[in-house]
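So the structure is just underneath, and the comments pick up after that.
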Amino acid sequence: MQHMTEAKAALMMAAGCVRAVASAIYGGWDKAMSTLVIFMMIDYVMGLIVAGVFHNSDKTKGGSLDSHEGWKGLWRKGVTLLVVLVAARLDATMGTTFIKDAVVLAYIANEAISIMENAGLMGVPYPEPMKKALAQLQGKNQEGK
């Protein structure tokens, strides 16, 4: 077995500590939370690709990268995790995980829709029923603004 370098061992220890703290804060770390965080990362990176490579972002006038919009996206992701934290704390007072699970699943669905939108902006083809559903969701979202 190979020996770990000190840097790798320190990184693994730090990652373990972060995960332990997050698990304690969120009342346990389950697969749904992991899925949400992974979807958030995928969505953010895809947003960067849409703006930086394809220059097709709907967040800026020219469709290109904008650091202000990038920070706003990161803050939105942070607030999402804060809402999940509040739901987890609420569940802890009731002794359930129902509210946290419902909130996490709703945010997973939201991130999946955003990933589909980004894929469409990149020119990735997807089935017509999905296009219609996405257009309908976007239309409702724009009317609500």
Give me the distance in nm between label points sitting 7 Å out from Cα along the Cα-to-Cβ direction at residue 68 and residue 55, one decimal.
2.0
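Cross-chain or 8 or more residues apart, Cα under 16 Å: how many lysine pairs in the chain fit that? Count them up, please.
Total qualifying Lys-Lys pairs in the chain comes to 7.
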For the chain, dividing by residue count, accessible area per residue (probe 1.4 Å) in Å² works out to 70
From DSSP H assignment alone, runs of 4+ in the chain each adding -39500 (n - 2.57), the sum over residues rounded to the nearest 500 puts [θ] at 222 nm at -26500 deg cm²/dmol
Given charges at Cβ of Lys, Arg, Asp, Glu: the range 65-145 dipole, positive-most of 123, 108, 75:
75
Top of 27, 95, 52 by mean-square fluctuation, Gaussian network on the chain, Cα under 10 Å
95
What FRET efficiency do you get for residue 115 and residue 89 if R0 is 30 Å and r is their Cβ-Cβ distance, rounded to the nearest 0.05?
0.60
Which trypsin sites (Lys or Arg not before Pro) from the range 1-75 combine a DSSP loop assignment with at most 10 other Cβ atoms within 10 Å?
61
Could you state the number of Å between the C-alpha centres of the range 1-47 and the range 69-124?
17
For the range 1-98, which whole percent of the accessible surface, found with a 1.4 angstrom probe, sits on carbon and sulfur atoms?
71
For the chain, the longest principal axis of the Cα atoms and the Cα long axis of helix 6-25 enclose an angle in degrees, to the nearest 10, of 80
Give me the extension gain from residue 14 to residue 82: residue separation times 0.36 nm, minus the current Cα-Cα distance, reported in nm with one decimal.
22.3 nm
Answer with a single label: of (1) 18.4, 60; (2) 15.2, 47; (3) 14.5, 47, which was calculated as Rg and Dmax of the Cα atoms in Å from the structure in view?
(1)
In whole Hz and in residue order, list the ³J(HN,Hα) couplings for the range 31-48 that follow from phi through the Karplus curve 6.51 cos²θ - 1.76 cosθ + 1.60, θ = phi - 60°; x for Gly and Pro.
5, 5, 5, 4, 4, 4, 5, 5, 4, 4, 5, 4, 4, 5, 5, 5, x, 5
Rounded, prolate or oblate: which fits the range 39-121, taking a ≥ b ≥ c as square roots of the Cα gyration tensor eigenvalues, rounded meaning a/c under 1.5, else prolate when a/b beats b/c?
prolate
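The values are calculated or read from the model by the stated rules, or taken from the named source; none is laboratory data. From a predicted model like this one, the values you see are computed outputs, not experimental measurements. Note that we place each Cβ from the backbone using ideal geometry, even for glycine, and neighbour counts take in every protein chain shown. Surface accessibility is based on the protein's heavy atoms, side chains included, excluding ligands, DNA and RNA. Shrake-Rupley method; radii C 1.70, N 1.55, O 1.52, S 1.80 Å.
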